[in-house]
Amino acid sequence: MEIDIGEWGLSRRDQRLWLDGHDLTGLAERFGTPVHVVSASRLRARADEVLGAFTKYPGSAHIHFSYKTNSVAGVLRVLHDAGFGAEVVNGYELHLARRLGVPGDRIVFNGPNKTDAELHAAIDAGVGLLVVDHLEELTRVQSLARRSEQRVRIGLRVCPDISPRHMNASSLTGSRRNQFGLDLPGDEYSTALGRVASSDELELRGVMAHIGSGIHDLKSFERTVQTLLDLHVAAFDAGCSPDLIDIGGGLGTRLSRELTTFELLAYLGVARLPRLGRPGPMDLWARYAEAVCCAMVDGCERRGIALPDLVLEPGRAIVSDAQVLLLSVGAVRERPGAGHFALTDGGAMTVSMMFLSEVHAVLLANRIGSGSQRVDVFGALPSPMDVVYRNLDLPPLRVGDVLAVMDAGAYFTATSTNFGGPRPGVLLIDGDEVRWTRRPESYDDLLAVELDA
Ligand SMILES: Cc1ncc(COP(=O)(O)O)c(C=O)c1O
């Protein structure tokens, strides 16, 4: 089943795809490809939808956008202006959040292996929640806090051992086979609680878990809430006074999806590209908010405890469908008996590694075309891994065609590499205006770090 292009805010005029009143092919011609195009109005609409959905939480809900999903400053500015805080996972992201004017207490700092310098910067910035991932890190945070003579507000990340359904292993983060968080059967959490309760320099704000990315199994979020509430109660029993619960991010998107384990094996092994399938429900965010809020309210009532604040760190489901990646076809080839190939100016090694584990719609942007042909679409690198998709169904392609890779807002700019040279820029559409919000990298940008060039 084809997704209606209106779902991405697209329309066709004179056969060409338009987004927010702008001709995508025209943008490709004017600014060059590969190029990302992000819609400010779609970001704002999504932010309103999400913030609106969580007004149903009877306590306070705080939404911190996950910087690593898309750290383009212009995207982040729109989201902060709309009301989101920041969730950062390294020193650079913290630096960026400060540069964008995010107050320290609206920043959550995560990450499984922070350096002392990063921890120090987080303490210095007075982040609202410094999430400690393991016992060794707790020791370091404690000694840095002592030295800085500050009381540091920490969270404890736990491993709830929850694996949502229909996911491949590369998108799971909450199972005991992952490296994240304090182990519960191993008593690491209770050991951490004992240490925090008896420390003068640490204040436990709450317990945190993040179980994966691209999740549609809402029950797995409900189970996570129940586990976190049990651990919240255990924290009080140990003498701490937490005031929040942080359930991380992870919600999937409506118009693209993760490959399941079987699909991933079949795709990487024998190039069997699965179908995208029907779009997720229109009210996905409302359903997610309902599931999480009800689990919190019911869980607190059952345990006879006050409602803690609710912290969320979404990324993918905020930005994914607000951004499009445009690629140009530079060559088309046919190998009789082997297939049709199209060579574009970006693939998995250059513009996004996500092509390897997610299914996204790819549309012909400059014309409608007729008929359908299976085509392997590659990037420009001499690597068999530099693939957009194998076995895509598209009208027969021609040199000069422009392809629109949809749902390019999450983990695309974040995972693109310099393997193929300078990385593409990002155009921001805001009403009538279109401008670079991240310019394309230049040769000089790459040379700037080469001290012997
Ligand atoms: C700790 C943490 N929080 C939030 C996120 C954002 O997840 P998503 O983009 O799936 O919403 C991630 C991403 O992996 C993460 O590791």
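Considering each residue of region 144-196, count those that are among the charged types (D, E, K, R), over 29 Å from Gly104 (Cα atoms) and more than 29 Å from the chain's Cα centre (by Cα), and give that number. Before you say what the answer is, go through the steps one by one.
Residues of region 144-196 among the charged types (D, E, K, R): 146-147, 149, 151, 153, 157, 161, 165, 176-177, 183, 187-188, 195.
Filter once more, so that each one left must be over 29 Å from Gly104 (Cα atoms): 161, 165, 176-177, 187.
Still in the running and more than 29 Å from the chain's Cα centre (by Cα): 187.
The total comes to 1.
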Could you check region 143-193 and list, in sequence order, the residues that are on the phi > 0 side of the Ramachandran plot and within 15 Å of the ligand (Cβ to nearest atom)? His166, Gly181
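Of the residues in region 353-409, how many are outside any strand (DSSP E or B) and among the acidic types (Asp, Glu)?
Applying the first criterion (outside any strand (DSSP E or B)) to region 353-409 yields 353-357, 360-361, 365-372, 379-386, 395-401, 406-409.
Subsequent filtering for residues that are among the acidic types (Asp, Glu) retains 386, 401, 407.
Selection size over region 353-409: 3.
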May I ask you to say which residue of Leu268, Leu251, Leu231 is crowded, with 22+ Cβ neighbours inside 10 Å, more than 15 Å from the ligand (Cβ to nearest atom) and either assigned by TED's automatic domain parsing to the domain that holds Gly155 or at positive phi (or both)? Leu231
Qualifying residue in region 240-249 (condition: acidic (Asp, Glu), part of a helix (DSSP H, G or I) and closer than 30 Å to Leu202 by Cβ): no
List every residue pair whose Cβ atoms sit under 8 Å apart, with the two residues 6 or more apart in sequence or on different chains, where the first one lies in region 193-206 and is at pLDDT 95 or above and the second, anywhere, is polar (S, T, N, Q). Arg195/Gln142; Ser199/Gln142; Glu201/Gln142; Glu201/Gln150; Leu202/Gln142; Leu204/Ser241
Residues of region 48-67 being surrounded by fewer than 18 Cβ atoms within 10 Å (Cβ to Cβ) and not in a loop (DSSP other than H, G, I, E, B), which ones? Asp48, Glu49, Leu51, Gly52, Thr55, Lys56
Please determine whether any residue of region 219-228 is farther than 24 Å from Leu193 by Cα and within 16 Å of the ligand (Cβ to nearest atom). yes
Taking region 376-401 and the residues there that are surrounded by fewer than 24 Cβ atoms within 10 Å (Cβ to Cβ) and aliphatic (A, V, I, L, M), the one that is farthest from the ligand (Cβ to nearest atom) would be Val399
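Scan region 409-436 residue by residue and report those that are over 15 Å from Met349 (Cα atoms) and buried (at least 21 other Cβ atoms within 10 Å of the Cβ).
As a first pass, look at region 409-436 and keep what is over 15 Å from Met349 (Cα atoms): 409-410, 425-436.
Gly409, Ala410, Val426, Leu427, Leu428, Ile429, listed by residue number.
The values are calculated or read from the model by the stated rules, or taken from the named source; none is laboratory data. In this text the structure is predicted, and so the values were computed from the model without any measurement. Don't worry about glycine lacking a Cβ; one is built from the backbone with ideal geometry, like all the others, and counts go over all protein chains shown.
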